[in-house]
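The next block holds one structure in the form of structure tokens; read it before the comments.
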Amino acid sequence: MSSLTTSTAWTALKTHHDEPKNILLRDSFNTDGNRHTKFSLHFNDILFDYSKNRITDQTLPLLIDLANMQDWTQNQGDVFRGENK
């Protein structure tokens, strides 16, 4: 596993960081009627709504790439158990 901050996934996310900086959320909701649905999820009775953040359709795939690069799927159990590697 490569270093997090020198990985290509990190570099791509860092490059993407400034892209949505000047986006007005009002405009994002006006141009994308599905924004709330795309950028929120329900888990049991909890709503995780991240639609009111400056993210785009490219942000989540970049975050997922970073998580996958760090073996998130293999290490998530350790994280939820509070284990530190």
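Each value in this text was obtained by applying a stated rule to the coordinates, not by laboratory testing. Keep in mind that this is a model prediction, so the values were computed, not measured. Every residue, glycine among them, receives a Cβ derived from its backbone with ideal geometry; neighbour counts consider all protein chains shown.
Remark: spin-label model distance Lys21-Lys38 equals 2.2 nm, labels positioned 7 Å along the Cα→Cβ axis.
Taking the Cα centre of the stretch 4-74 as origin and charging only Cβ (+1 Lys, Arg; -1 Asp, Glu), how large is the dipole, in debye to the nearest 20?
Values: 7 positive and 9 negative charges, 43 e Å.
Using only the charged Cβ atoms, the result is roughly 200 debye.
Measuring nothing but how far apart in sequence close Cα pairs (under 8 Å, 6+ apart) lie, relative to its length, the stretch 4-74 scores a relative contact order of 36 percent. Taking a ≥ b ≥ c as the square roots of the Cα gyration tensor eigenvalues, with a/c under 1.5 meaning rounded and otherwise prolate when a/b beats b/c, else oblate, which class fits the stretch 4-74? It is oblate, given that a/c is not under 1.5 and a/b is not larger than b/c.
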